[in-house]
Structure formats: C-alpha cells, structure tokens
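Data block below; observations after.
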Amino acid sequence: MTLNNRLASTSTIAILAIGFAATAQATDVAVCTDVGNFTIELFDADAPAHAESFLEYVDRGFYNGTVFHRVIEGFVVQGGGFTRTFQRKPTLAPVRNESQNGLDNDRGTLSAARTQDPDSATSQFYVNLENNTNLNASGSRVGYTVFGRVSAGMPVLDNIAALPTGASGPFSSDVTDPLIAVTSMARVVPDRYPNVSAEERHAALRADIDSAVAAGDNDAAAAHFAEYRSACGSFEPTLLLTEANVLTAVGNSPAALESVTEYLRVADNTSEDYFAAMSMARELEAAIMAATAESVIGQRLAELTAQCGLPLEPVVPDANTATMELMIETQGLVQAYIEQSNEALECLEEIYEDDDLAEEDRAMAVLTYNNEVTNQEALAERWNTQRELFLSQQ
C-alpha cells in the first residue's frame, strides 16, 4: 500500500485531490482514572454540538483532575465539574439541547448533565449504568442528550458505582469513598507501539517526549504528550511542569494552566521550580482572562455560524516517527476535513450574501470564511511537507 500523489490547493477554497475514500469515523477519547481506564466513542454525527463542546474541554485539559462527584449505583456515574477539592470549574458557553437525536439513555451511553433549562449543558457528563428510560426525550419531555458511549472499560464504571458513598464537600450524598478522579482525558491517537506492554509503551513515549524537548521541537513534544495522556501514562511533578512549558510554547494556555495547577498541587512547595510555576500560573490566568474578555464577540460569531458546522482540523503526524499505516490514516482524515470544510464554506457564503444581514455580522461571517480557507491551505501545506519527508525516508 502506498501514499498517493501530492495534496494541493486547486482554488481559493482548497480542494485536496487524493485517492483514498474517506470513511466516517467517530472520535474516541481515553479516560484515565484513579481506579482504571475506559474509552469513550463520541457520536459526532448524532450530537455534533455536544461532541464538539466535549472535545474542546478535552483539548483544554479541563477534565484532568476532575472528580466523579455524583455516583448512584444502578443509575449513573457523573463528573466533569469539580476538582479534587470540590472547587467548581469555570465552563465554556452552554450547548443547545440535542436530545431529539433518536438516541436513548441506555446502559453504557454518555450523556450531558444539565439544569432544568434544556439548553444549559456545559462540561458535566454522566454514564448510564442501566437503561434509564426516564431520561429520554418523549412527547413533551425534552430529555437529556446522549452524545457517546463507553466502548471499552465499562467494568471500571461499575466498580466506581459499587464504592460506598456519602456526604463530602458541598454535597450531601452520592460522593464515593475514596474520592475518584480523572487523571487524564485525551483523544485516542493511533498506537505507534502496539506490540509492547503498557509499561514499555509509556517508556517509549517518555523517550519521544525527552528527545523532542531536548531538540526544542515543541510541536512534536506537544503531540507526544497527547499520545502519553491517551496511553494513560503517569505524571510526576517534573513531567507536569515540562508539559506546561511545552503547551505554553504551542499556544494552548488553558491546557498549560491545568498542567501547572496539577504541578502546584503535588510538587514540593519549597523548591525554586515551585515559585517559578506559581508565576507561570498567574501569567497563564491573565492570558486566559484577556481572551475571555473577547468572548462576547466570540459567542455572537458562534451563534451566527453554528449551522455551518466548522470541522476540527486533524493532527498531522511527525514523518520522522510515523508509520505507513498512520500516514495513510491521516491522509483520509485530511480528505474528510477538507470535504467538511468546503461544505461549511458554502454555508458561510450563504450567510454573508444574505441581504438582510447586519453589516457587523456580515464582517464576522466573511472573516470566518477567510480564516477557514487559510486553515485549509495551512493544513495542506503541513500534510504535503510531512508526506514528502516520509516518502524520502522510504
């Protein structure tokens, strides 16, 4: 099996001509906890808004260190909102309800927790331990949105549900003893070390991280850290601080803040690194607050373009370490992204050509259109570069 011809932009709207048919693939997320690991398969097509929101939290490192604060045997295991010290985490904008998608709250499904407001779901989620028909949309009952399922590791959830529960922190009941936390949550990426033990895989990924950091290649280091979290690798304080520095360098301030916050929780508070980490945390918080100050415009833009479904860009692997299978898989993901992106661009064009659209909204739609074209062209360039490098080494 070989890679086909070079991907190239053929017009202002980049169209990639490649020979492998794209297949619809659900996004998988690895969930690592204090007592075992499980895998989530997201229903991207059936609940796109919830899946996209969930992945944004995942990519920001939001769920790392959050606890399962509501555990009811025979009903649900719920988490995604509180730290180990029961501090409520600030969330992104709520998601519009998608419970009318034909999916039921059956055992093993992943659903969005919310208040009485049907459109109030943010970061919290729950896994159904039984077929909870009372949570389904039915008639005038709105129901709770199902947006994924546990595809592996369901016994881990059953074991958590079997723990004794009671009052703890601000909660009068349903908190497990001991308290169980998510140690890492990350997108599942192709396994480059499939035929080794977990310990050997972690060691190999640590070596990849060390090599990338030593070479000053922060993009590669960030990708290897994502692999390491996906493989449920353990983090000592020094590694957390290294991850925070790498994520800061690649512009993922929210995830960097999560890493440095966890470092401050577990590290020796008398070390010089600790005080430097405190300064880093303050700087990251300031940067995130500045970005949040612009969120009103961002929310309006999200409302304006929500119907267009802008896709998430796939990660282009490092050709120096990627396998042929990974490169071929990535090629398919790139093609799927471009096809979805072109559909979104057609949608945006319809929006900004609407004669009744306010001028400020038109300007935002045009800006979004141009940014998406730029993203396509940049992705094509990254892919072509790595593809040529890969083929030159064969």
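Remark: M327 matches the filter, which requires a residue to be in contact with a helix residue (DSSP H, G or I) (Cβ under 6 Å, 6 or more places away or on another chain), part of a helix (DSSP H, G or I) and within 30 Å of R192 (Cα to Cα).
The set of residues in the range 101-125 being touching a helix residue (DSSP H, G or I) at 6+ places or on another chain (Cβ under 8 Å) and acidic (D, E) consists of D104 alone. Among residues of the range 96-123 being polar (S, T, N, Q) and surrounded by fewer than 19 Cβ atoms within 10 Å (Cβ to Cβ), the one that is farthest from the chain's Cα centre (by Cα) is Q116. Taken as a whole, the condition of being surrounded by 18 or more Cβ atoms within 10 Å (Cβ to Cβ), at pLDDT 95 or above and within 24 Å of P48 (Cβ to Cβ) does not apply to L129. Considering the range 262-282, the residues that are within 25 Å of the chain's Cα centre (by Cα) and loosely packed, with under 15 Cβ neighbours inside 10 Å include one that is farthest from M185 (Cα to Cα), namely R282. Report yes if some residue within the range 247-255 is surrounded by 22 or more Cβ atoms within 10 Å (Cβ to Cβ), over 16 Å from the mean Cα position of the chain (by Cα) and within 28 Å of A291 (Cα to Cα); otherwise report no. Within the range 247-255 (the criterion being surrounded by 22 or more Cβ atoms within 10 Å (Cβ to Cβ), over 16 Å from the mean Cα position of the chain (by Cα) and within 28 Å of A291 (Cα to Cα)), the answer is no, since none of the residues qualifies. Here the condition is being under 25 Å from E377 (Cα atoms) and modelled with pLDDT of 90 or more; of A281, A223, it holds for A223 alone. Tallying residues that are part of a loop (DSSP other than H, G, I, E, B) and either touching a residue at least 60 places away in the same chain (Cβ under 8 Å) or more than 15 Å from T321 (Cβ to Cβ) (or both) within the range 213-240 yields 7. Of the residues making up the range 156-201, not one is of a type in the set (S, T, Y), closer than 19 Å to G65 by Cα and outside any strand (DSSP E or B).
With respect to the conditions (1) under 17 Å from F125 (Cα atoms); (2) out of contact with any Pro (no Cβ under 8 Å at 6 or more places or on another chain); (3) in the same structural domain as G108 (by TED's automatic domain parsing); (4) not charged (D, E, K, R), N159 lacks only one, and its number is (1).
The values are calculated or read from the model by the stated rules, or taken from the named source; none is laboratory data. Only a predicted model underlies this, so the values are computations on that prediction, with no experimental measurement involved. Note: ideal-geometry Cβ built from the backbone for every residue, glycine included; neighbour counts use all protein chains shown.
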